[in-house]
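I have placed the structure first, in the form of structure tokens, so that the comments after it can refer back to it.
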Amino acid sequence: MKIISRIVELKEVIRIAKSEGKKVGLVPTMGYLHEGHLTLMRQARKEQGFVIATLFVNPLQFGPNEDFAVYPRDLERDRIMAESTGVDVLFAPPVEEMYPAGNGKILTFVDVDTITATLCGASRPGHFRGVATVVAKLFNISEADVAYFGQKDAQQVAVIRQMVADLNMNVRVVSVPIVRETDGLAMSSRNKYLTSDQRKSALVLSRSIDKAHELLRKGERDAKTILAEMNGLIRLEPLAEIDYVSIVDPVSLQPLTEISDKALLAMAVKFGHTRLIDNMIWEGY
């Protein structure tokens, strides 16, 4: 596995891979890898001839009071983990390589409308503009044929799919199911911020999803009823501070009142200073 930090060097490696007829799989990450990331890399390795994993903590997607400066970074740890999956290239550029004009300074942005105004977008203004912009850059740099993203960031997946469709990008987006700890907590690089008490409290997220799933399986289709049950369960945890719990259409991300077909049940909840997200897609089964 090669570790590359410069765009020009990556482009040359990709040129050679493409000349050999290989399809390029891309796994964009912000590093501090966990099993969820490795699952994406393994699937890319299984399905594509050449696999690039990226490690880049993107300043454009962090607000002024968010955790960019302290976001966990450990290149050597990530190198060992990524190499174990058979990745061909680990692209780990410094900020100045991606944004030569300065720390996140750029004049051109990708701004996906409407679906970025709900859920996480409502409480993190500008976040998805930063996400869409850096992902567009990575798509262009890597010339990826297929890109792999985790379903835990369901809104991110929806935004990227919309960007690809609207801008006729030549890349297929694959969403991979959430990977969870044995106790049900969705894997996240931010889990390391949690104290032991917060970690225990955070299990209420998966419990609330299980409760919603149980209600749906029993035939409940009223979104208000399901949301009341989920919110009530989460509020029993004194360390939990709800940002949102929503039931929306998986594509438009607009709120649903009645669940007739597919639905995205999504939430963001803070435990201390740590904001965690989780979700479930209901497909009418």
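The values are calculated or read from the model by the stated rules, or taken from the named source; none is laboratory data. The structure displayed is predicted, hence computed values, not measured ones. Neighbour counts are summed over all protein chains in view; Cβ atoms, including those assigned to glycine, are modelled from backbone coordinates with ideal geometry. For accessibility, only protein heavy atoms count, side chains too; no ligands or nucleic acids. Shrake-Rupley method; radii C 1.70, N 1.55, O 1.52, S 1.80 Å.
So the values come out like this:
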read-out: Sole exception among (1) in contact with a Lys or Arg (Cβ under 6 Å, 6 or more places away or on another chain); (2) open to solvent by 30 Å² or more (accessible area, probe 1.4 Å); (3) of a type outside the set (Val, Ile, Thr) for Leu203, by number; value: (1)
read-out: Complete set of residues in segment 55-72 that are free of Cβ contacts under 8 Å to residues at least 12 places away in the same chain and of a type in the set (Gly, Ala, Ser); value: Ala69
read-out: Qualifying positions in segment 171-200 - open to solvent by 60 Å² or more (accessible area, probe 1.4 Å), assigned to a loop (DSSP other than H, G, I, E, B) and touching a residue at least 12 places away in the same chain (Cβ under 8 Å); value: Pro177, Asp183, Thr195
read-out: Residues of segment 243-285 classified as within 18 Å of the chain's Cα centre (by Cα), open to solvent by less than 10 Å² (accessible area, probe 1.4 Å) and farther than 21 Å from Val176 by Cβ, total; value: 2
read-out: Inter-residue pairs, beta-carbon under 7 Å, first among the charged types (D, E, K, R) and in segment 202-226, second surrounded by 17 or more Cβ atoms within 10 Å (Cβ to Cβ) and assigned to a loop (DSSP other than H, G, I, E, B), 6+ apart; value: Arg221/Ile259
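Table: residues versus (1) among the β-branched types (Val, Ile, Thr); (2) buried (at least 19 other Cβ atoms within 10 Å of the Cβ); (3) over 27 Å from Asn191 (Cα atoms).
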residue	(1), (2), (3)
Ile3	yes, no, no
Lys11	no, no, yes
Ile16	yes, no, yes
Val24	yes, yes, yes
Val27	yes, yes, no
Leu40	no, yes, no
Lys46	no, no, yes
Asn58	no, yes, no
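Residue-wise test of (1) under 26 Å from Val159 (Cβ atoms); (2) modelled with pLDDT under 95.
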site: Arg6; (1), (2): no, no
site: Leu10; (1), (2): yes, no
site: Lys23; (1), (2): yes, no
site: Gly31; (1), (2): yes, no
site: Ala44; (1), (2): yes, no
site: Asp67; (1), (2): yes, yes
site: Gly86; (1), (2): no, no
